[in-house]
Amino acid sequence: MDDVSNDNTVEVAEKLGIKHIIKHDQNKGYGGNQKSCYNKAMELNADIVVMLHPDYQYTPKLIPAMCSIIANELYPVVLGSRILGKGALKGGMPLYKYIFNRFLTLSENLLINQKLSEYHTGYRAFSVDVLKNIRFNDNNDDFIFDNEMLSQIFMKKYEVAEITCPTKYFEEASSINFSRSLKYGLGVLRVSIVHRLHIWGIIKGRLY
């Protein structure tokens, strides 16, 4: 299954034999695209759903291993981590992005009370039961969607596994600019703070 936004991409997807193609007439945003794909996967009665950024930074060769962890009921969620095994810097992640990633991840771990190596990977696998049990359709349509989703997953007491993922960075790969990165970072901190305040009973987070 693939989510596409132009006719050329549709043609390529069809040539590759992709059976279920979702085309949006208007850009739904990063999170909005995922909502469409997850809802379609549930409609098709999928058991496991994998989200992989289409920018060639992550190798798809880990998909069988990630799915195996879920299929064998070891963990219901698996993340491909760029940070485990020093893969991020080795693969060319810019130093400022690495530092930004580490700061946000430390803050999130403290506020959410978890121990992930990173929350910002574009490589994720889910049991469909997880998708059915969280309110991902209420999440933001922008990049903060991923963090809201992890917050919902942890709020439901699901355990998350991580697997080391080699990555590569190059000029043609997609990337958000500094202003959007700053907006994203502030959004990440907001999600984590709301998560903690919800656990303490100080506020009721709308996503839970």
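The values are calculated or read from the model by the stated rules, or taken from the named source; none is laboratory data. It should be emphasised that the depicted structure is a prediction, and the values quoted were computed from it without experimental measurement. Using ideal geometry, Cβ is built from the backbone for each residue, glycine included, and neighbour counts are taken over all protein chains shown.
Every test in (1) hydrophobic (A, V, I, L, M, F, W, C); (2) assigned to a helix (DSSP H, G or I); (3) modelled with pLDDT under 95 is passed by M149 save one, and that test is (3). All of (1) farther than 23 Å from I21 by Cβ; (2) surrounded by fewer than 13 Cβ atoms within 10 Å (Cβ to Cβ); (3) among the charged types (D, E, K, R) hold for K97 with one exception: (2).
Using the structure shown, decide if A71 is aliphatic (A, V, I, L, M), modelled with pLDDT of 95 or more, under 18 Å from the mean Cα position of the chain (by Cα) and loosely packed, with under 14 Cβ neighbours inside 10 Å. Outline the logic, then answer.
On the way: aliphatic (A, V, I, L, M): yes; modelled with pLDDT of 95 or more: yes; under 18 Å from the mean Cα position of the chain (by Cα): no; loosely packed, with under 14 Cβ neighbours inside 10 Å: yes.
No, not satisfied.
Taking segment 65-113 as the range and being of a type in the set (D, E) and either within 19 Å of Y123 (Cβ to Cβ) or in contact with an Asp or Glu (Cβ under 9 Å, 6 or more places away or on another chain) (or both) as the test, only E108 passes. Looking only at segment 16-54, which residues are among the charged types (D, E, K, R) and outside any loop (DSSP other than H, G, I, E, B)? The answer is K23, K35, K40, E43.
For segment 96-120, which residues satisfy the criterion of being assigned to a loop (DSSP other than H, G, I, E, B) and touching a Phe, Trp or Tyr at 6+ places or on another chain (Cβ under 7 Å)? If you could, list the steps in order and put the result at the bottom.
Of segment 96-120, the ones assigned to a loop (DSSP other than H, G, I, E, B) are 113-120.
Q114 - this is the single residue of segment 96-120 that is assigned to a loop (DSSP other than H, G, I, E, B) and touching a Phe, Trp or Tyr at 6+ places or on another chain (Cβ under 7 Å).
Listed here are the residues, each with its yes/no results for (1) free of Cβ contacts under 8 Å to residues at least 60 places away in the same chain; (2) not aliphatic (A, V, I, L, M).
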residue	(1), (2)
V10	yes, no
K15	yes, yes
I18	yes, no
Y38	no, yes
M66	no, no
E73	yes, yes
K86	yes, yes
L89	yes, no
E108	no, yes
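Considering I63, I83, the condition of being closer than 18 Å to L150 by Cβ and surrounded by 15 or more Cβ atoms within 10 Å (Cβ to Cβ) is satisfied by I83 alone. Is it the case, given these coordinates, that F143 is in a loop (DSSP other than H, G, I, E, B), surrounded by 13 or more Cβ atoms within 10 Å (Cβ to Cβ) and of a type in the set (A, V, I, L, M, F, W, C)? Here the answer is yes, as F143 does meet what is asked.
Would you check if P166 is at pLDDT below 95 and either more than 21 Å from V50 (Cβ to Cβ) or among the basic types (K, R) (or both)? Give the steps one after another, and end with the answer.
Working: at pLDDT below 95: yes; either more than 21 Å from V50 (Cβ to Cβ) or among the basic types (K, R) (or both): no.
Taking the combined requirement at face value, the residue does not satisfy it.
Is it the case, given these coordinates, that T121 is out of contact with any Pro (no Cβ under 8 Å at 6 or more places or on another chain), of a type in the set (V, I, T) and within 18 Å of Y30 (Cα to Cα)? Here the answer is yes, as T121 does meet what is asked.
Residues that are part of a loop (DSSP other than H, G, I, E, B) and surrounded by 22 or more Cβ atoms within 10 Å (Cβ to Cβ) within segment 121-133 comprise just one, T121. Every listed requirement among (1) touching a Phe, Trp or Tyr at 6+ places or on another chain (Cβ under 9 Å); (2) in a loop (DSSP other than H, G, I, E, B); (3) of a type in the set (S, T, Y) is met by Y184 save one, (2).
Based on what the data block shows, is L44 at pLDDT 80 or above, of a type in the set (A, V, I, L, M, F, W, C), more than 22 Å from N140 (Cβ to Cβ) and out of contact with any helix residue (DSSP H, G or I) (no Cβ under 8 Å at 6 or more places or on another chain)? For L44, the condition - at pLDDT 80 or above, of a type in the set (A, V, I, L, M, F, W, C), more than 22 Å from N140 (Cβ to Cβ) and out of contact with any helix residue (DSSP H, G or I) (no Cβ under 8 Å at 6 or more places or on another chain) - is met.
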